[in-house]
Amino acid sequence: MLFCAQGFSSSFAAASLRELGCDNTTDMVGGFDAWKAAGLPVRSLDESRDEGRGELPGMGAPEPLIGH
């Protein structure tokens, strides 16, 4: 799952990855701007710092894939 600010760059990136054989690649229509406009949850950098992680929201090691 790829996303960018408005969905244009991530759409091109997802298409490129699909051409390279990553068949399950997709992007978020409208990007992060559409996510925020829809009222979906967003964490600020300050909230992330309050937890003491010192990283951007959403950063860190990926969760392990189940069954792989």
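What follows draws every value from the coordinates through simple rules; no lab data is involved. Values in this document were obtained by computation on a predicted structure and should not be read as measured data.
Summary table
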quantity	calculated
Residue 2 long-range amide H proximity, modeled H, under 5 Å	26, 27, 28
HN-Hα J in Hz across region 11-17 - Karplus 6.51, -1.76, 1.60, θ = phi - 60°, x for Gly and Pro	5, 5, 5, 5, 4, 5, 5
Table column - 3J(HN,Hα) (Hz), region 30-41, Karplus curve with 6.51, -1.76, 1.60, x for Gly and Pro	x, x, 5, 4, 5, 4, 5, 4, 7, x, 6, x
